[in-house]
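Asks: What follows is a single structure, and I will ask about it in a moment.
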Amino acid sequence: MRSDLTRPWRHTRILTSLLVVFLAGCASLPNGTADPSDPLEPYNRTMFSINNQVDQSLVQPVARGYRALTPDFFRTGVTNFFNNLADLTTVFNDLFQGKGTQGLADGERFMINSTVGVLGLIDVATPSGLPRHKEDFGQTMAVWGWTDSTYVVLPFLGPSTVRDTLGLVGDYPESLYAQMHTTLTKETEIYAFEELNTRTNLLAATNVLDTAALDPYAFLRDAYLQRRRNLIYDGHPPPSPEDD
C-alpha cells in the first residue's frame, strides 16, 4: 500500500504548513533589503544558494542527459501533454475570476487537445485560434484582493510568494494528478518527470542568467515578481509605486 506521503498534495500541504510556521518565526528578522516585497531576503538568499548548488550538481546534469537522449519532438510532446493538464486548472480559475468567456474558450481548448490532439501530445488548439492562457489559484487570490505578497524562495521549487505558495494547495483539487496513478506509476514520479522536462526546456535561460546578471538572485526575484504581476493583470498591469 502506498504511503500518503507519496502524493504531491501531501507534500504541498506539509510544505505550506512549514512555510507558514517559518514565516511566523521570521517576523522579527531584520529587513536587509530596500525591496519591500522581500523582507525575508537573508533567508531567501540562503535558500537560493542551496537550490542553485543542487541544480548545478544534480538537476542540470540529469536535464542535459535527458536532452541528449531524447529527440526534440518527444520533449515537445511531453511539454504539450503537461501543458494540457494545466489547462484544466486554468479553466477552473477562469471561472473563479469571473472570466466566463475565456473559461469557455479554455475548456474548448482542453477538449480539442485531449481528443484530436491525442491526450494533449499535439497542440492543435493554438493553430485553430485558441491560444493558451495561464491562470492559477495564486492569481485568483490576487484578483480577489491579495495583490501584494511577500516574496519567498521555496526549497527545490524556487521563486514564489506566500500567496502563490498557498495557491499550490488551491490548485491541486482541480488538477488531474489524483487520477493519474496506478500500480505502475505514482503521482510523484509523474510530477518529477514534468519538472525534469521543464528544467530541460530552461537550460538555455540558465546560461543567460549566469552570464548576464550581476546579481542572479535579485535578477530572478524581480523577473518572477514582474511576470506574476503581468499575469495577474492579463498583460496590462497598472503603474507600480516605483513608476511614480
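The values are calculated or read from the model by the stated rules, or taken from the named source; none is laboratory data. None of these values were measured; they are calculated from a predicted model. Neighbour counts are summed over all protein chains in view; Cβ atoms, including those assigned to glycine, are modelled from backbone coordinates with ideal geometry.
Asks: Mind checking which residues of segment 190-207 are farther than 18 Å from L85 by Cα and β-branched (V, I, T)? So that I can check it myself, show each step before the final result.
Replies: Taking segment 190-207 and keeping what is farther than 18 Å from L85 by Cα, we get 200, 202-207.
Listed by number, the residues that qualify are T200, T206.
Asks: Could you identify the single residue in D35, D87, D106 that is more than 18 Å from D234 (Cα to Cα), touching a Lys or Arg at 6+ places or on another chain (Cβ under 9 Å) and in contact (Cβ under 8 Å) with a residue 24 or more places away in the chain? Outline the logic, then answer.
Replies: Details: D87 fails: more than 18 Å from D234 (Cα to Cα); D106 fails: more than 18 Å from D234 (Cα to Cα).
Only one candidate qualifies: D35.
Asks: In this structure, is A105 buried (at least 20 other Cβ atoms within 10 Å of the Cβ), assigned to a helix (DSSP H, G or I) and either in contact with a strand residue (DSSP E or B) (Cβ under 6 Å, 6 or more places away or on another chain) or not acidic (D, E) (or both)? Working first, answer last.
Replies: Values: buried (at least 20 other Cβ atoms within 10 Å of the Cβ): no; assigned to a helix (DSSP H, G or I): yes; either in contact with a strand residue (DSSP E or B) (Cβ under 6 Å, 6 or more places away or on another chain) or not acidic (D, E) (or both): yes.
Judged against the criteria, A105 is not a match.
Asks: Taking segment 70-102 only, how many residues are surrounded by fewer than 17 Cβ atoms within 10 Å (Cβ to Cβ) and in a loop (DSSP other than H, G, I, E, B)?
Replies: Matching residues across segment 70-102 total 3.
Asks: Got at least one residue in segment 118-131 being in a helix (DSSP H, G or I), in contact with a helix residue (DSSP H, G or I) (Cβ under 7 Å, 6 or more places away or on another chain) and either modelled with pLDDT of 95 or more or not small (G, A, S) (or both)? Show your work before the answer.
Replies: Going through segment 118-131, the residues in a helix (DSSP H, G or I) turn out to be none.
No: zero hits.
Asks: Considering (1) under 21 Å from H236 (Cα atoms); (2) modelled with pLDDT of 95 or more; (3) surrounded by fewer than 20 Cβ atoms within 10 Å (Cβ to Cβ), say which one T147 fails and leave the rest.
Replies: Answer for T147: the failing condition is (2).
Asks: Determine, yes or no, whether S114 is in contact with a strand residue (DSSP E or B) (Cβ under 7 Å, 6 or more places away or on another chain) and of a type outside the set (F, W, Y). Please lay out each step first, then the result.
Replies: On the way: in contact with a strand residue (DSSP E or B) (Cβ under 7 Å, 6 or more places away or on another chain): no; of a type outside the set (F, W, Y): yes.
When the stated conditions are applied, S114 does not pass them.
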